[in-house]
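A quick write-up on the structure given underneath.
The values are calculated or read from the model by the stated rules, or taken from the named source; none is laboratory data. Since the structure is predicted, the reported quantities are computational estimates derived from the model, not experimental observations. Using ideal geometry, Cβ is built from the backbone for each residue, glycine included, and neighbour counts are taken over all protein chains shown.
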Amino acid sequence: MDSASLWQPHLTSERFEIEATRGSARVGSLPTPHGTVLTPAFCPRADEGIVPGLGPDEVRQAGVALLAASGLDLPLRPGIESIQRLAGIHRFVGWPGPLLVDAGTQRLCELDAAGGIHGRLERVDADGVSYASPVDGSVRRITPASSVEALEALGADIAVPLYDPGRTLGTQNRRGEVRGLSALWAAAAFRSRTGNTGLMLVGGVQDVRNRDEAAWYAAKLPLDGYAFLAVSRTPRFGPLLEILPAATVRYLATAGGPDELAIALAAGFDLVSSDAPWRDAREGLAYTERGTVSLKGPPIVAERGPIEADCLCYTCQALERPYVRHLFGTHEMLGPRLVSVHNLAFVARLFARFRTDLLRA
Ligand SMILES: [Zn+2]
């Protein structure tokens, strides 16, 4: 059966409103059952339902409106039934605002690339993915339909069902197979949505190299939005972004820092997730308007003052660079925490400023 005949009418795409555009870039508003997200929005990756080292209030105070949790990890630990008994994912993780939950394509790719036993991709076939659990190594199975069932049961506001990671089957001589797989999986995910949960479905596409392919995806995948996995530092998503229906959400799952995030904003992505702010913070790397600076090494008298003079985060309001350096020198956990607070605020401000500037233009 042709996958195009499987589609149901859009349920939610009309809810996303684009307020202004400039070139490829745009700003908008995205209502969800747990609040409206002003776009473009940075959504920190909270794979286990937590931004490592930070409490939900600290994340919120940094200017973050949307969290990206992992639909691979949470169903394994603590499990969907446990989360349901604990009043749902929002109560469980202490985040009353919108939650985007990714079924795990990005996590599986990262875990597999890490080369460990846990999380390894065992098999990708026409129906789904078998993988070794990142928790205990047991072999698990996930399909597009089972991923939607899990995302609905968790109570996600924005759901990214399992999609073909591209990297696994995306070799040049098998491209026809990859395209067919993406469409079939997206169709299976779409059919599985019950329509009772307000779930916004953001389907995944990957590794598009020219306009013909882009047109094919746009015609075959009429979803609420589209997810892109940045598997390289120079993703070439331009052809697809130009052709996708304007009122669909574009979500980029990346691991990049400020430079890559700025490229994503200019390219027209509406939602962008990353774990770079605290991954860099652990290494003592702080974001500033003049580039990333290392705060490892002994305190420097000439550095007196905050990390960033005009930053309103707790770290910059209360403490000076030499003290933060001291914390890294003494291997205190407070050092990475304070720099995480700052980096998260820096990135949230980058997105907010982009939005304000574009609306003023
Ligand atoms: Zn700061």
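Residues that are assigned by TED's automatic domain parsing to the domain that holds Val339 and farther than 30 Å from Pro245 by Cα: find the strands (runs of 3 or more DSSP E) completely inside the range 266-313 holding 1 or more of those.
285-288, 291-294
Which of the residues belonging to the range 296-335 are within 22 Å of Phe42 (Cβ to Cβ) and either among the β-branched types (Val, Ile, Thr) or buried (at least 22 other Cβ atoms within 10 Å of the Cβ) (or both)?
Matches in the range 296-335: Ile307, Cys313, Thr315, Cys316.
So, in the range 125-148, of the ones that are of a type in the set (A, V, I, L, M, F, W, C) and in contact with a helix residue (DSSP H, G or I) (Cβ under 7 Å, 6 or more places away or on another chain), which residue ends up farthest from Val101 (Cα to Cα)?
Result: Ala126.
Can you give me the number of residues within the range 94-145 that are at pLDDT 85 or above, more than 30 Å from Thr36 (Cβ to Cβ) and among the β-branched types (Val, Ile, Thr)?
Result for the range 94-145: 5.
If we keep just the residues of the range 314-333 that are assigned to a helix (DSSP H, G or I) and within 27 Å of the chain's Cα centre (by Cα), which is nearest to the ligand (Cβ to nearest atom)?
Here the answer is Cys316.
Where in the range 54-142 are there strands (runs of 3 or more DSSP E), lying wholly inside it, with at least 2 residues that are more than 30 Å from Pro40 (Cβ to Cβ) and of a type outside the set (A, V, I, L, M)?
121-124, 129-132, 139-142
Which of the numbered conditions does Arg236 fail, given that it passes all the others? Conditions: (1) at pLDDT 70 or above; (2) charged (D, E, K, R); (3) more than 18 Å from Arg353 (Cβ to Cβ).
Result: Arg236 fails condition (1) only.
When the range 52-92 is examined, which residues are found to be charged (D, E, K, R) and more than 25 Å from Ala281 (Cβ to Cβ)?
Hits for the range 52-92 are Glu81, Arg85, Arg91.
Just a yes or no: is a residue in the range 57-70 closer than 23 Å to Pro144 by Cβ, charged (D, E, K, R) and in contact (Cβ under 8 Å) with a residue 24 or more places away in the chain?
No, the range 57-70 contains no residue that is closer than 23 Å to Pro144 by Cβ, charged (D, E, K, R) and in contact (Cβ under 8 Å) with a residue 24 or more places away in the chain.
Within the range 28-55, which residues are surrounded by 19 or more Cβ atoms within 10 Å (Cβ to Cβ) and more than 18 Å from Asp224 (Cβ to Cβ)?
Of everything in the range 28-55, those that are surrounded by 19 or more Cβ atoms within 10 Å (Cβ to Cβ) and more than 18 Å from Asp224 (Cβ to Cβ) turn out to be Phe42, Pro44, Arg45, Ala46, Asp47, Gly49, Val51, Leu54.
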